[in-house]
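Working notes, beginning with the structure itself.
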Amino acid sequence: MTLSPARYHTALVVLHWLLAGLLIVALFIGTFVLTTVPNSSPAKIDALRGHMVAGGLILVLTLVRLIVRLKTSHPAPATTGNALLDRLAPATHWALYLLVLLMAGSGIAMSVLAGLPGIVFGGVGTLPVNFDALPPRAVHGIVAKLLMLFIALHIAAALYHQFVRRDGLLRRMGFGPR
Ligand code: HEM
Ligand code: HEM
């Protein structure tokens, strides 16, 4: 293995694209489906069950990804041609991990405070009218918007590298020999 490979480790590439898909779907369904079904609807339990399982899976895969990221070598830092942007890039990558962990943490905290594990998976008890009184509910909503913003910036940066600077950045997160 060279000190500075041309690509990220294959396990990291698989996890990057799998998590990108899962996160975009979870953010979309959370915003446009989950919050529009009232807690009084029988459909809410099923929607919450799917969301909680997907959120738990995202948490586990993100932790695995973090470990793989810390234990494998990665390509030398890419350059944008601007010293400040080059310093910001790694910080935004760590921020993406942090925001995903905050999403999962606040979701779990909200669900525990509302007794959701028993209600959703054990059929014990009933849902509250809504989750608005629980502090982690506000955190979950705000962090969701921040995560969307960071993902949009991240995609814009990747496309800028690929199509404006034409430095082949996407290949670094692609499959092939390292
Ligand atoms: C949707 C959620 C996404 C998240 C949370 C995410 C997160 C990350 C993170 C944390 C890294 C740094 C490498 C690492 O430490 O794992 C990274 C790298 C990268 N991502 Fe994403 N990503 C997402 C979606 C996308 C999409 C849609 C694209 C393509 C348009 C993309 C293109 C890239 C590229 C090219 C790299 C390598 C950057 C480099 O070599 O410095 N990502 N991503
Ligand atoms: C880690 C990835 C996760 C993502 C991307 C995600 C995304 C979202 C989004 C976008 C919303 C709507 C927020 C709003 O518009 O204010 C939401 C709501 C919610 N999420 Fe998550 N979530 C995740 C994990 C979890 C976990 C692990 C749980 C519980 C174990 C959970 C439980 C909930 C609950 C109870 C709501 C409120 C639904 C309502 O107010 O009707 N989430 N989530």
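Roughly how many whole Å is it from the C-alpha centroid of the range 128-171 to that of the range 72-95? One Cα centre to the other: 17 Å. The chain gives an Rg/Rh value of 1.05, both radii derived from C-alpha positions and Rh following Kirkwood.
Shape index of the range 1-81: Rg/Rh, with Rg the Cα radius of gyration and Rh the Kirkwood radius from the inverse mean 1/r over Cα pairs, equals 1.18. Distances between placed amide hydrogens fall under 5 Å for T80 paired with D86, all partners being 5 or more residues away or on another chain. In this structure the chain gives 60 Å² per residue of accessible area when probed at 1.4 Å with all protein chains present. Each Lys or Arg adds one and each Asp or Glu subtracts one; over the other residues with Cβ under 14 Å from the Cβ of S4, this totals +3.
At a 1.4 Å probe, what is the % contribution of carbon and sulfur to the accessible area of the chain? That fraction is 74 percent. Summing Cβ point charges (Lys, Arg +1; Asp, Glu -1) relative to the Cα centre of the chain gives a dipole of roughly 560 debye. Couplings 3J(HN,Hα) for the range 169-178, derived from phi with the Karplus relation 6.51 cos²θ - 1.76 cosθ + 1.60 (θ = phi - 60°), are 4, 4, 4, 5, 10, x, 9, x, x, 7 Hz, where x marks Gly and Pro.
In the chain, the calculated helix contribution to ellipticity at 222 nm averages -22000 deg cm²/dmol per residue, counting -39,500 (n - 2.57) for every DSSP H run with n ≥ 4. For the range 133-178, rounded, prolate or oblate, judged on the Cα gyration tensor with a ≥ b ≥ c (square roots of eigenvalues), a/c < 1.5 rounded, else prolate if a/b > b/c? Oblate is the answer for the range 133-178, as a/c is 1.5 or above yet b/c matches or exceeds a/b. A dipole drawn for the chain from +1 and -1 charges on Cβ atoms has a positive end, and of L113, L59, F28 the residue lying farthest that way is L59.
The values are calculated or read from the model by the stated rules, or taken from the named source; none is laboratory data. Here the structure is a predicted model, which is why all the values come from computation and not from measurement. Glycine also receives a Cβ, built like all others from the backbone with ideal geometry; neighbour counts cover every protein chain displayed. All accessible areas refer to the heavy atoms of the entire protein, side chains included, with ligands and DNA or RNA removed. Shrake-Rupley method; radii C 1.70, N 1.55, O 1.52, S 1.80 Å.
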